[in-house]
Amino acid sequence: MAPKDKQQREPSIERTTEYEEFLDELAKYHEKRGTILDREPKVGSRHVDLLRLYKRVIAEGGYDKVSDTKGNKLAWRRLAGEFLPGSSNLTTQAFLVKTAYYKNLAAYEISTVHKREPPPKEILEDVSAKGGDLLSRTTENYFRPISRETERLRNGDEDSEESDEEGEKGTPRADKMDVDEPGSLGRSTRSLRHAPPQRVLFQPEVSRRETRQSTGNMNSPQPGQTNGVYGTSGAAMTIASYEPRSAVPSTMKPVSTPSNNPEYFNQLRRKQIVNRKNRPVPLKGMMLPGTGFPGPNIYLRALHALRSKVPEEEAYALHHLVKISHERGDKYRFDQFPGLAEALIEKVIQASSLFYDVNWEISYVEEDMNRPNVLNGLSATKDLLRRIQSLPTLDTQDDLLPDNNAKTLNMINEAALILRNMVMLHENALYASTIPAIKDLIVIVLNLPNHASVTELQHYALEIAEQLTRFWFLDAQNPLYLSLLAQVDSEDRGKIITTLRALGRIAMNLEATNKMPGVSKKTLQSLCDWLLVEDEELRNACLDFLYLFTGFVENVEMLVHEVDVESLVNQLVRLLQFGSQAFEERRSNPKSSKPSSHADGAPKLSSAIIEQLVTLDEPERSSQWLRTCFEEDPAGEITQIQLWQAYNTAFPDTMTINNPALKALMPAKDFITNVSTTFSGASAQVINSNGQSKYTIRGIRPRTVPVDPSTKKPYMRCCWHPPSLLNGFSDPKHSTAKIECGEYAYGSKAMWEHIVSTHLKVPRDETGKWLLEQKPDINMENGDAVSTAKPTKYFCHWGGCTHFSPTGTDSAYEAGQHVKTHLPDTSLRHAIHAKHNRTLSNSAPLTTSAQARYENFQPQFGQPVGLGSLGMGTRYNDKYSYNTPGLPNSSPQLPSPQPAPNFRYYNTATDEANDAAGLPLSSVLVLRNLARQLGKLPPPSSVHEVPDSPTHKRSFSESSPEHRRSTGAKKPRLNDAAREVEREIERDEEEEKQAQQAGWVPRVFAPVKEQLAFVMAHNLTLRNYMGALFRAIAEGGG
């Protein structure tokens, strides 16, 4: 068996098809890049699988992640342990594995994985694999490592005093080399190499005993000789034939030394002497940069570079300040770096020189401020707009700027961006507002020519104004105020929104009042038009502006004469419910002494539902019936016999039909077992009470309203309950209390068919169509047809309806169409029909008891009447008997306890404090201001025209009697219809007289009062604000 370390190792590379394809692709990449690929680099005794190594490094996050010594320590050592198991020197092997990846796969990773251009090979493959950060390596930020010897020679340190102290470690110099005398053991010869001692071959001694006299008289024999003759032994012959091996010259690399190449060392010495002479002599006691003090930080360097006015230095400063203002905006403050804000302002106002023949200067000396190109640095320039309008314009018709101008404009944009970023901090905004020149900056930028290249700069100026106007009071003639008003008429959406915000914030932090003077008619009309645009941000900006504008009577007076204020109010009312979400509040019944009771038995299903359930097979039939009529309730309980009887009672008529397709009901035992299968929380139990066993099922209870088992949609209950009649009249003495059909149907259509067939008893023909016009049985008498049967009378008894009482109707069609009015409208023309129904917005006060009784059974929120017992109504009265004229009233009956109704609200957006926010809040505040200020205006004239808007002319003269009466002849005798028309005309005349005497508030808010009441009742978020609005309307006469 071979030793352990000599065993056959497993192959380190799996040569699969994927491996070969990967290496071929990698070879093409290196050939295109101009580098050499080592297909199977060898580390130690094993070859590295490049495909496996590539996948492993990519799984770790790439070369930079693996090479991160702080975030991923010893990653290459772990990888080397995986690829070279059992290696004794993992540190060295890890660097070799890293080098293999660095030379062959690093550039490929950057191109394929990171989709970026790799660094050139001169700073990648051609240098060492030390370090990482390949993704950020460029020729500008990477410096090739320099050898120590070259570094010492470059710095001229070979002749320093430190090298003299190193002793024999340094190269000896000629001027300090001492020549020792021969035989001395001086310092300079101590390190010289001596010749090795000469080898002397071993010569065995041949012993021969001689006398002292003979030994002294005879010469010593030669080695290997006996009496002058070599011995005959093998060792003696070997020694005699030995010849030393010829010396082979060794191959050595020539080394330059001061002795063999003195010229080279003389040149190095001369360079060192020149460099040393050119060095400045350090001043005694002065600390230079780099000798103990790191120098100014980047903030000061950028500040001084910006103030130097050198283009290269300014570009350097602006580049770094943009990044600093963005990343350190919460810490970078103007008051910590005096002069920074002024330097940035001076840079931005240079934008005018690109389009006008002017170079603005900021002066703080009053004598210099009279010059046309000098700005007032003490209190801003009051006539700046006039100066700008008088400036000659340069030829900039082309959208493309020259190269120098483009670079200058780019630096100006960076300076404006720095200002914009920094004023986002409150302290910086407060500091900048105290610099008058920044007002001139905004005016200059906003009045630049309409050129595409200055759009970005103007946006920055408007954002700066948005943050600073809260600290300024601007009158109507202020150049900044006029410039901002002019921006509202722009076609740029971003400019409009930012400008409206800036105008709305004027003097916000001051005690002065911003009255918004000088707003033009065009601006007001644009604001009203923009409220119709589906743009929430634009609408918010417009409403914020209108909220401030409508706070003053003179502004509102101008508003009502310049725009259609009624249309504005209508739109504001619509916005009150912007983004509302339906919220249903479930209120519980007040606590009573009696415990709440649920339905005693299973609800009664209509024949259509039963027919559908019958077609199912067991146990699906029983499961569907259980899900329809019962629901899970941990506290619910029902006896097994009651449940089984309810199930058998639900299918009595249908199962008696001899139809082989219908399967019989499942046995009681299987049915009880299926209950637990249908409801996971239900279980059969046996309760022993008084020695008797009671079999119950716990965990379910009957539903109050059955539901569709698949959609969980509640079925509709039939509320048909005719009164007991005696001789055609109501019989309160013998009538029974609340008897109604109570069956449940799928929906409106199924319920209508149930009523027509079951209660109205309208027959069908052979094809299934309704026979609305029945053919009577007739007898022939004298050639005439005489009916033998009386025509059928139809009545409506849905929820106490008395529409056809007491005589009824002969038309089945009329009765069927009337029944549809009690049911929800599910047709496609529901929206059209809803216009003619009684709703919250068009209902009139009920004045008679008949109307009140009729109102109790009307649909509410799109629900059928008579559903008060289901908790879907709020006015449903459980008095089913009605009074017949001339008869005494029936005895009143106490209504049965009904479930509490569910209240539906439509709440709008709120903020973090759960207070109203967004468009609804802004709209209600504008409406409140309008209601308060319109009440202070004099009443409008009878004819009010909106300028340039002929369609909004409102006149009361057209409805006068002279206008409506087209004939002047003698009035004919009036019948009932004519008298009704005459009364209608008189009512219109009275309304016109009242309207002429009414003020602005009734005229504007009367048409929307019901919508406002709806918001007041159904929007809990705006309820407090709506109360203030209604009080303002009431005070204004509305």
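One table, with the values for the structure above:
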item: Number of the condition not met by Trp472 [criteria: (1) among the aromatic types (Phe, Trp, Tyr); (2) touching a helix residue (DSSP H, G or I) at 6+ places or on another chain (Cβ under 6 Å); (3) surrounded by 19 or more Cβ atoms within 10 Å (Cβ to Cβ)]; result: (2)
item: Enumeration of residues in the range 609-633 that are in contact (Cβ under 8 Å) with a residue 24 or more places away in the chain and surrounded by fewer than 16 Cβ atoms within 10 Å (Cβ to Cβ); result: Glu611, Thr615, Asp617, Glu618, Glu632
item: Options Leu572, Leu568, Leu532; residue that is assigned to a loop (DSSP other than H, G, I, E, B), of a type outside the set (Ser, Thr, Tyr), closer than 22 Å to Glu1010 by Cα and modelled with pLDDT of 90 or more; result: Leu532
item: Filtered residues of the range 389-413 (kept if of a type in the set (Ser, Thr, Tyr) and in contact (Cβ under 8 Å) with a residue 24 or more places away in the chain); result: Thr393, Thr396, Thr408
item: Among the candidates Leu503, Leu430, Leu419, residue that is open to solvent by less than 10 Å² (accessible area, probe 1.4 Å), in a helix (DSSP H, G or I), under 22 Å from Leu340 (Cβ atoms) and out of contact with any strand residue (DSSP E or B) (no Cβ under 6 Å at 6 or more places or on another chain); result: Leu419
item: Filter result (touching a residue at least 24 places away in the same chain (Cβ under 8 Å) and in a helix (DSSP H, G or I)) within the range 347-363; result: Lys347, Val348, Ile349, Gln350, Ala351, Ser352, Leu354
item: Pair list, Cβ < 7 Å and 6+ apart or interchain, from the range 900-922 residues that are closer than 22 Å to Leu546 by Cβ and without any contact (Cβ under 8 Å) to a residue 24 or more places away in the chain to residues that are open to solvent by less than 40 Å² (accessible area, probe 1.4 Å) and assigned to a loop (DSSP other than H, G, I, E, B); result: Asp911/Ala917
item: Residue check for Leu559: more than 22 Å from Thr469 (Cβ to Cβ) and not in a helix (DSSP H, G or I); result: no
item: Some residue of the range 282-294 being surrounded by 11 or more Cβ atoms within 10 Å (Cβ to Cβ), out of contact with any Ser or Thr (no Cβ under 7 Å at 6 or more places or on another chain) and modelled with pLDDT under 85; result: yes
item: Some residue of the range 934-957 being in a helix (DSSP H, G or I) and modelled with pLDDT of 85 or more; result: yes
item: Ala486 being in a helix (DSSP H, G or I), modelled with pLDDT under 95 and farther than 24 Å from Tyr316 by Cα; result: yes
item: The range 394-416: number of residues that are open to solvent by 80 Å² or more (accessible area, probe 1.4 Å) and either touching a Pro at 6+ places or on another chain (Cβ under 6 Å) or among the hydrophobic types (A, V, I, L, M, F, W, C) (or both); result: 1
item: Residue that is modelled with the lowest pLDDT [pool: residues in the range 26-67 that are open to solvent by 70 Å² or more (accessible area, probe 1.4 Å) and part of a loop (DSSP other than H, G, I, E, B)]; result: Ser45
item: In the range 370-388, residue least open to solvent (accessible area, probe 1.4 Å) [restricted to those that are assigned to a helix (DSSP H, G or I) and in contact (Cβ under 8 Å) with a residue 12 or more places away in the chain]; result: Leu384
item: Qualifying positions in the range 328-369 - more than 21 Å from His304 (Cα to Cα), open to solvent by 50 Å² or more (accessible area, probe 1.4 Å) and of a type in the set (S, T, N, Q); result: Asn359
item: Selection from the range 900-925 of residues that are in a strand (DSSP E or B) and out of contact with any His (no Cβ under 8 Å at 6 or more places or on another chain); result: Asn902, Phe903, Asn907, Thr910, Ala916
item: Answer from Lys323, Lys347, Lys331 - the residue that is at pLDDT below 90 and among the basic types (Lys, Arg); result: Lys331
item: Selection from the range 68-89 of residues that are under 43 Å from the mean Cα position of the chain (by Cα) and either farther than 28 Å from Ser136 by Cα or not in a helix (DSSP H, G or I) (or both); result: Asp68, Thr69, Lys70, Gly71, Asn72, Lys73, Leu74
item: Cross-chain or 6+ apart pairs with Cβ under 8 Å, the range 330-343 first and outside any loop (DSSP other than H, G, I, E, B), then surrounded by 12 or more Cβ atoms within 10 Å (Cβ to Cβ) and among the polar types (S, T, N, Q); result: Phe334/Asn428
item: Pairs with Cβ under 6 Å, 6+ apart, first in the range 119-131 and touching a residue at least 60 places away in the same chain (Cβ under 8 Å), second of a type outside the set (Phe, Trp, Tyr) and in a loop (DSSP other than H, G, I, E, B); result: Lys121/Thr35; Glu125/Thr35
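The values are calculated or read from the model by the stated rules, or taken from the named source; none is laboratory data. Given the structure is predicted, the values throughout are model-derived calculations rather than measurements. Because the Cβ atoms are built from the backbone with ideal geometry, glycine has one as well, and the counts that use them run over all protein chains shown. Just the protein is used for accessible areas: all its heavy atoms, side chains included, with ligands, DNA and RNA removed. Shrake-Rupley method; radii C 1.70, N 1.55, O 1.52, S 1.80 Å.
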